[in-house]
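K.L.:
Here it is, the structure, as structure tokens.
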Amino acid sequence: MNKQTKVWLVLSIALSMLALGSACGGGTSTNKEATPGTTSETAAKYSGATGSISGVISFNGTPPAPKKIDTTADPVCGQKNPNLVTDDTIVKDGKLANTFIYIKEGTVEGGKKIGDFAWDTPTSEVQLDQNGCHYAPHVLGVQVNQKLKITNSDATQHNIHPTPKLNPEWNQTQANGAPPIEKSFSRAEVLIPVKCNQHPWMKAYIGVMKHPFFKVSNDTGAYEISGVPAGTYTVVAWREGGATGEEKTMQVTVPASGSAKADFAFGAATTSLKPSLQMMPALELPALHNH
Ligand SMILES: [Cu+2]
């Protein structure tokens, strides 16, 4: 009798300690089951009103002149593309191409976060071609798990080598005449640098997004993101440069069936990197909270 009571006492203490210890993890999963529709596992698809975000990316001041690339390491490159030049800053009439513009976060009409919705993975593929020992396009976007088709249009061998931080790193050789390489990225990441291990001057950047609300500015600096749920968003314009690129942010409100303007300016006369960098920790706080 006495011994049994002792055993029960010890058991119940042990059980309550276990319950306390697992309160954090256990409580989270219970919440997920109790409130379907609020977690990513059961994310709804957006079906409300949509509008668009459009704008023009300017480059203030004198852009750096393109530099001729020394391709003597691979004569095939020089034969096909004798005037190969750097393409990190393509400016025409003060307008900047190859800027990656995307919705970073925000709230749709009704108060729900845009990141809480599920977005279909496009069945279409995005192509990255190697032509004249040069990546085309230079900056591109895909959705998470969307197919990226890498082709080699050159009579020489390339070695495609993305260097992501959040996705697995890989590199793969693609010989002259080899079939396309098909890849995808399972995690959102802005942006993944791509290099070629054969030709050190070759560079491209791939933005991987959970949602379809991104675009690359064209050679007139223009872009338009359509089908955007009505709401208020932080829009980011990213361009390459330095270690991780340069970002500008802007708040925009997209009206139902209307259009929001978001023009950005890079270059000499614009404000320094500081404002957008200082904003970032505050913007990231909700994500930290999830943990
Ligand atoms: Cu190459």
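K.L.:
Restricting to segment 137-155, and then to whatever is of a type in the set (A, V, I, L, M, F, W, C) and within 16 Å of the ligand (Cβ to nearest atom), can you tell me which residue is surrounded by the most Cβ atoms within 10 Å (Cβ to Cβ)?
P.N.:
For segment 137-155, the residue satisfying everything is ILE150.
K.L.:
Which one is farthest from the ligand (Cβ to nearest atom), of the residues in segment 73-121 that are closer than 30 Å to THR156 by Cα and free of Cβ contacts under 8 Å to residues at least 12 places away in the same chain?
P.N.:
Among those residues, the one meeting the criterion is PRO82.
K.L.:
So THR151 clears everything in (1) part of a loop (DSSP other than H, G, I, E, B); (2) among the β-branched types (Val, Ile, Thr); (3) out of contact with any Gly (no Cβ under 8 Å at 6 or more places or on another chain) except one condition, right? Which one?
P.N.:
With (1) part of a loop (DSSP other than H, G, I, E, B); (2) among the β-branched types (Val, Ile, Thr); (3) out of contact with any Gly (no Cβ under 8 Å at 6 or more places or on another chain) applied to THR151, the lone miss is (1).
K.L.:
Also, I was wondering about something else. Of all residues in segment 70-100, which are more than 14 Å from ASN218 (Cα to Cα) and in a strand (DSSP E or B)?
P.N.:
VAL85, the sole residue that qualifies.
K.L.:
Scan segment 199-253 for residues that are polar (S, T, N, Q) and touching a Phe, Trp or Tyr at 6+ places or on another chain (Cβ under 6 Å) and jot them down.
P.N.:
The one that is polar (S, T, N, Q) and touching a Phe, Trp or Tyr at 6+ places or on another chain (Cβ under 6 Å): SER217.
K.L.:
What residue, of GLU182, GLU189, is at pLDDT 95 or above and open to solvent by less than 50 Å² (accessible area, probe 1.4 Å)?
P.N.:
The unique qualifying residue is GLU189.
K.L.:
Name the residue that is farthest from GLY231 (Cα to Cα), counting only residues in segment 41-59 that are open to solvent by 50 Å² or more (accessible area, probe 1.4 Å) and touching a Phe, Trp or Tyr at 6+ places or on another chain (Cβ under 9 Å).
P.N.:
This residue is LYS45.
K.L.:
Answer yes or no as to whether THR62 is within 16 Å of the ligand (Cβ to nearest atom) and either modelled with pLDDT under 95 or part of a loop (DSSP other than H, G, I, E, B) (or both).
P.N.:
No; evaluated as a whole, the condition is false for this residue.
K.L.:
Just name the residue that is nearest to the ligand (Cβ to nearest atom) out of those in segment 171-207 that are assigned to a strand (DSSP E or B) and in contact with a His (Cβ under 6 Å, 6 or more places away or on another chain).
P.N.:
Top of the filtered list is CYS196.
K.L.:
Sticking with this structure for a sec: Among the residues in segment 208-219, are any modelled with pLDDT of 95 or more, in a loop (DSSP other than H, G, I, E, B), of a type in the set (Asp, Glu) and surrounded by 19 or more Cβ atoms within 10 Å (Cβ to Cβ)?
P.N.:
Checking segment 208-219: not a single residue is modelled with pLDDT of 95 or more, in a loop (DSSP other than H, G, I, E, B), of a type in the set (Asp, Glu) and surrounded by 19 or more Cβ atoms within 10 Å (Cβ to Cβ).
K.L.:
Let me ask something else. Applying the selection to segment 192-207, what residues are under 25 Å from TRP119 (Cβ atoms), buried (at least 21 other Cβ atoms within 10 Å of the Cβ) and not hydrophobic (A, V, I, L, M, F, W, C)?
P.N.:
TYR205, GLY207
K.L.:
To continue, here is another question. Of all residues in segment 158-170 being assigned to a loop (DSSP other than H, G, I, E, B) and surrounded by fewer than 17 Cβ atoms within 10 Å (Cβ to Cβ), which is farthest from the ligand (Cβ to nearest atom)?
P.N.:
LEU166
K.L.:
Let me ask something additional. What's the total number of residues in segment 125-180 that are among the basic types (Lys, Arg) and at positive phi?
P.N.:
0
K.L.:
For segment 102-136, what are the residues that are open to solvent by less than 50 Å² (accessible area, probe 1.4 Å) and under 30 Å from PRO200 (Cα atoms)?
P.N.:
TYR102, VAL126, LEU128, ASP129, GLN130, GLY132, CYS133, TYR135, ALA136
The values are calculated or read from the model by the stated rules, or taken from the named source; none is laboratory data. Keep in mind that this is a model prediction, so the values were computed, not measured. As a convention, Cβ positions derive from the backbone with ideal geometry for all residues, glycine included, and neighbour counts pool all protein chains shown. Just the protein is used for accessible areas: all its heavy atoms, side chains included, with ligands, DNA and RNA removed. Shrake-Rupley method; radii C 1.70, N 1.55, O 1.52, S 1.80 Å.
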